[in-house]
Amino acid sequence: MKYHKFISTFFHPINFPLIGTLLYLLFVPRFINKTQEYTILLLILIGTYIFPFILLYLMKRFKMIESYYMKNVEERKFPLLMFIAISFIIANWLLKAPNSTFLALFYIAYGIGLVLAYLLLYAKFKISLHTSAIGGLIGFLLCFSYFFKLNFLIFIALLVILAGMVGTSRLVLSAHKLNEVVIGFILGLFIQLATFGTYFYII
């Protein structure tokens, strides 16, 4: 049980946008100056990691949520609205920065996925945000590798294995049902693919 709690905590959904950003900055075959790199990393670190972590800590401290996993449907609504706003604010900023459109699409897709997750709460259905985040990162890397002709096969294979581990942990901890885990992963993956496909088809 401790193993599964560790997996669920260490691979929390808030980690994956930052991982995607780091991979983009490391491998994008376009010149991005160091000042811009550091600015992007700082903004995303604050927006997707530090600020949400502080807010979730305060919500738990004041008993607005029972745990950081937000097992209750009602507990998820406000944090999801916060993450939706952050995703689109970051995406809008990245769209205005040079050589960052591809990364902006990553955050737009994440935002769309969170909107769908939020709407599903009103149907009393809570997808796994853990597997949705991993699926989203896999979808992003598939698009990244396709459009820039890069080989991310090892990264993608490791993430698929990780998705299985995290999904299993969520089931063992009774945080989700099997359909919530599977649908979360599928939504995260295909929203990324659909967002990038739609954008590049239009332009």
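Return yes when ILE90 is farther than 20 Å from PHE190 by Cα and part of a helix (DSSP H, G or I) and no when it is not.
yes
Checking ARG30 against (1) in contact (Cβ under 8 Å) with a residue 24 or more places away in the chain; (2) within 16 Å of the chain's Cα centre (by Cα): exactly one of these is not met. Which one?
Only one criterion in (1) in contact (Cβ under 8 Å) with a residue 24 or more places away in the chain; (2) within 16 Å of the chain's Cα centre (by Cα) is unmet by ARG30, namely (2).
Can you find, within the range 92-108, the residue that is surrounded by the fewest Cβ atoms within 10 Å (Cβ to Cβ) among those that are more than 13 Å from TYR24 (Cβ to Cβ) and either touching a Gly at 6+ places or on another chain (Cβ under 9 Å) or in contact (Cβ under 8 Å) with a residue 40 or more places away in the chain (or both)?
Ranking the candidates gives PRO98 first.
What residue, among those in the range 189-203 that are exposed (fewer than 14 other Cβ atoms within 10 Å of the Cβ) and among the hydrophobic types (A, V, I, L, M, F, W, C), is modelled with the highest pLDDT?
Only one residue fits best here, namely ALA194.
Does ILE65 fit the bill of being more than 17 Å from the chain's Cα centre (by Cα) and either under 22 Å from ILE19 (Cα atoms) or at pLDDT 90 or above (or both)?
No.
I'd like the full set of residues that are out of contact with any helix residue (DSSP H, G or I) (no Cβ under 8 Å at 6 or more places or on another chain) and surrounded by fewer than 14 Cβ atoms within 10 Å (Cβ to Cβ), limited to the range 165-188.
SER174, ASN179
The values are calculated or read from the model by the stated rules, or taken from the named source; none is laboratory data. Nothing here was measured: the structure is a model prediction, and the numbers come from that model. Backbone-built Cβ (ideal geometry, glycine too); neighbour counts: all protein chains shown.
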